């Protein structure tokens, strides 16, 4: 392995052993299992010695794994009292590519808005499409936050007739059945581009 300043590089394929968790944190294209770090992508291994991270820079046309800080798009598939479940659809900037990692996510009531939210079911409904920031990727589901103005529901579905709700004077209303509903909407509701 050749050293390039503070970064070391070599070619790896999925399953290749990279190092131990005591030395490096797994970055894009890498995962930890039983204290060892392995590659998940074909590409150049990048060991950043200053940050102590191990990543794989893809040589193929695969979307990088979802990581903390990324903006993602997803569809709400289940609403529970304290959280909603979201199926991730796309990573911002890669809308035409299938995600390569865990596609299940959650938004907890505490991560919904900057203001206090008592009931998450007033902020999201099944079928809504959301834009959210990834706050944690550990565990069985990715954790998301919509507590920024540009994050939240970008297309809401009427709870009565399932048509797309329109924004009228700051409120969501169905043109078909006249139902009025609330959501934690992004500031570019119905104008968002993936």
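The values are calculated or read from the model by the stated rules, or taken from the named source; none is laboratory data. All values reported here derive from a predicted model rather than from experimental measurement. Cβ placement follows ideal geometry from the backbone for every residue including glycine, while neighbour counts extend to all protein chains displayed.
Descriptive notes on the structure:
- Looking at 164, 182, just one residue is at negative phi and either touching a residue at least 60 places away in the same chain (Cβ under 8 Å) or within 18 Å of the chain's Cα centre (by Cα) (or both), and that residue is 182.
- Some residue of the range 36-57 being part of a loop (DSSP other than H, G, I, E, B) and modelled with pLDDT of 90 or more: no
- Test: residue in the range 110-124 that is assigned to a strand (DSSP E or B) and in contact (Cβ under 8 Å) with a residue 24 or more places away in the chain: no
- Of all residues in the range 167-179, those satisfying the criterion of being surrounded by fewer than 17 Cβ atoms within 10 Å (Cβ to Cβ) and in contact (Cβ under 8 Å) with a residue 12 or more places away in the chain are 167, 175, 176, 177, 179.
- Subset of the range 86-98 that is within 11 Å of residue 74 (Cα to Cα) and buried (at least 16 other Cβ atoms within 10 Å of the Cβ) - its residue that is modelled with the highest pLDDT: 86
- Within the range 125-148, the set of residues being assigned to a loop (DSSP other than H, G, I, E, B), within 16 Å of the chain's Cα centre (by Cα) and surrounded by 14 or more Cβ atoms within 10 Å (Cβ to Cβ) comprises 128, 137, 141, 146, 147, 148.
- Exactly one residue out of 64, 81 is assigned to a loop (DSSP other than H, G, I, E, B), modelled with pLDDT of 90 or more and farther than 15 Å from residue 141 by Cβ, and it is 81.
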